[in-house]
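Chemist: Once you've had a glance at the structure underneath, I'll fire off some questions.
The values are calculated or read from the model by the stated rules, or taken from the named source; none is laboratory data. Because the structure is predicted, anything quoted here is derived from the model rather than measured. FYI the Cβ positions are ideal-geometry reconstructions off the backbone, even for glycines, and counts take in every protein chain you see.
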Amino acid sequence: MKRNWKIKSGVLTKIKNLYKKGGLNPRFYAYRYCFNSYPDNFKISKYPFDIIAEASNVCNLRCSMCFQVDDELPVRTTTKVPFMKMNLFKKITDECAKYKVPALKLSWRGEPMLNENFTEMIRYAKSKGILEVTSLTNATLMHENICREIVSAKMDQIVISIDGFTKETYEKIRIGADYDVVCNNIKNLLKIRGKSNKPFIRLQYTESDINKHETERFYHYWKDKVDEITVSYCQDFGSTEKIDPEDIPAHSFVCKQPFQRLVIMTDGTVCVCATDVMGEISIGNIQDSKLIDLWNCSKINELRQQHKAGKYQHNPMCRICVHNVFMANKNAGLSVK
Ligand code: SF4
């Protein structure tokens, strides 16, 4: 699609948004710098920069492009625990605080606001000094009381998935959601936040053949209301099982994720990246291991070495993942190495 407008991605906008997120805190800028530069140099920090501790692995929606529509998901995942318990979340947060992990994200495979402890988790993480507490949400359950809790807990960033500008298109993609409720919830959060800069509010629009005719209108409507808008291109996560890795051509690619973060499932299972929704490369469980030991274990180091040597293709999951990213970018008309 030819665009005659631009997503807010200019250098000045990026600096302004960075300042909105980090204020005058030097620790924030140091962490952001290292988060981006360490993987480029294959450098491994003493601790992860970012922990994803998912509050929920179930979702109240059945969006057409999401792996949640895959009926086999519950039996294929290693975890059958829908919500992370508060005591496990506290253990993870306490370890993050001990090792000065800067960022903690509460969402991954499911809708985090389904967990009744969602706002308590934010409050606990902020009370322990975690620099950046964030979450993605579909905002269907972000009612007024949740908005008030989020603002008063000083959550740092909330990313809201909303993929359409009309009710008809949005509800065709986000099966089970009500467009009017979601728009109203976002406007309520903006009103309750008022002039405060917390949480930073980003809208995330996943573009596909169904909604690409509305992207421009969506952007112009929301651009001055929220802090940031990102448009990503739809990847078909549901198709991974149907592709034979041997049939996929190799691309030139090095993944940053094994150098940046760990991902923790609701039951404490730890994975090396956010793509591993089935827990195929699990490296242990945080309930009986230390965060720092998992970060330095042989399995994750082996994966790092594969990427460093330019041999990610040896890992079937990486091979499919890179192929999906390549195809999504190609379909969006972007060039990928
Ligand atoms: S599957 Fe491999 S390439 Fe994809 S995000 Fe995970 S580590 Fe990176």
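Chemist: From 38, 31, grab the single residue that is surrounded by 13 or more Cβ atoms within 10 Å (Cβ to Cβ), part of a helix (DSSP H, G or I) and over 19 Å from the mean Cα position of the chain (by Cα).
Modeler: Working: 31 fails: over 19 Å from the mean Cα position of the chain (by Cα).
Answer to the check: 38.
Chemist: Kindly establish whether residue 198 is basic (Lys, Arg), under 27 Å from residue 22 (Cβ atoms) and modelled with pLDDT under 95.
Modeler: On the way: basic (Lys, Arg): yes; under 27 Å from residue 22 (Cβ atoms): yes; modelled with pLDDT under 95: yes.
Criteria met by residue 198.
Chemist: Going through 162, 175 one at a time, which residue ends up being within 30 Å of residue 25 (Cβ to Cβ) and in contact with a Leu (Cβ under 8 Å, 6 or more places away or on another chain)?
Modeler: Values: 175 fails: within 30 Å of residue 25 (Cβ to Cβ).
It is 162.
Chemist: In the range 281-292, is there at least one residue being within 11 Å of the ligand (Cβ to nearest atom), modelled with pLDDT of 85 or more, over 19 Å from residue 107 (Cβ atoms) and not aromatic (Phe, Trp, Tyr)? Give the steps one after another, and end with the answer.
Modeler: Here is the first cut: in the range 281-292, the residues within 11 Å of the ligand (Cβ to nearest atom) are 281.
Among the residues that remain, those that are also modelled with pLDDT of 85 or more are: 281.
Adding the requirement that they be over 19 Å from residue 107 (Cβ atoms) leaves 281.
So of that shortlist, the ones also not aromatic (Phe, Trp, Tyr) come out as 281.
Yes, there is a match, as at least one residue in the range 281-292 is within 11 Å of the ligand (Cβ to nearest atom), modelled with pLDDT of 85 or more, over 19 Å from residue 107 (Cβ atoms) and not aromatic (Phe, Trp, Tyr).
Chemist: A follow-up question, please. If you take the residues of the range 306-317 that are in a helix (DSSP H, G or I) and more than 18 Å from residue 278 (Cα to Cα), which of them is farthest from the chain's Cα centre (by Cα)? Spell out how you get there, then give the answer.
Modeler: First, the residues of the range 306-317 that are in a helix (DSSP H, G or I): 306-308, 312-314, 316-317.
Subset that is more than 18 Å from residue 278 (Cα to Cα): 306-308, 312-314.
Working: 306: 24, 307: 21, 308: 24, 312: 22, 313: 24, 314: 26 Å.
Among those that are in a helix (DSSP H, G or I) and more than 18 Å from residue 278 (Cα to Cα), it is 314.
Chemist: Tally up the residues in the range 262-294 that are touching a Phe, Trp or Tyr at 6+ places or on another chain (Cβ under 7 Å) and in a loop (DSSP other than H, G, I, E, B), please. Explain how you work it out, then say what you get.
Modeler: So the first thing to find is which residues in the range 262-294 are touching a Phe, Trp or Tyr at 6+ places or on another chain (Cβ under 7 Å), and the list is 262-263, 266, 274, 277, 291-292.
When the remaining residues are screened for being in a loop (DSSP other than H, G, I, E, B), the result is 266, 274, 277.
Qualifying residue count for the region: 3.
Chemist: Among 95, 116, 120, 149, which is assigned to a loop (DSSP other than H, G, I, E, B) and of a type in the set (Asp, Glu)? Don't jump to the end; show me each part of the working.
Modeler: Numbers: 95 fails: assigned to a loop (DSSP other than H, G, I, E, B); 120 fails: assigned to a loop (DSSP other than H, G, I, E, B); 149 fails: assigned to a loop (DSSP other than H, G, I, E, B).
Of 95, 116, 120, 149, the one residue that is assigned to a loop (DSSP other than H, G, I, E, B) and of a type in the set (Asp, Glu) is 116.
Chemist: Okay, moving on. Quick check on residue 320: is it among the β-branched types (Val, Ile, Thr) and either within 9 Å of the ligand (Cβ to nearest atom) or part of a strand (DSSP E or B) (or both)? It would help to see each step written out before you state the result.
Modeler: Working: among the β-branched types (Val, Ile, Thr): yes; either within 9 Å of the ligand (Cβ to nearest atom) or part of a strand (DSSP E or B) (or both): yes.
The answer is yes for residue 320.
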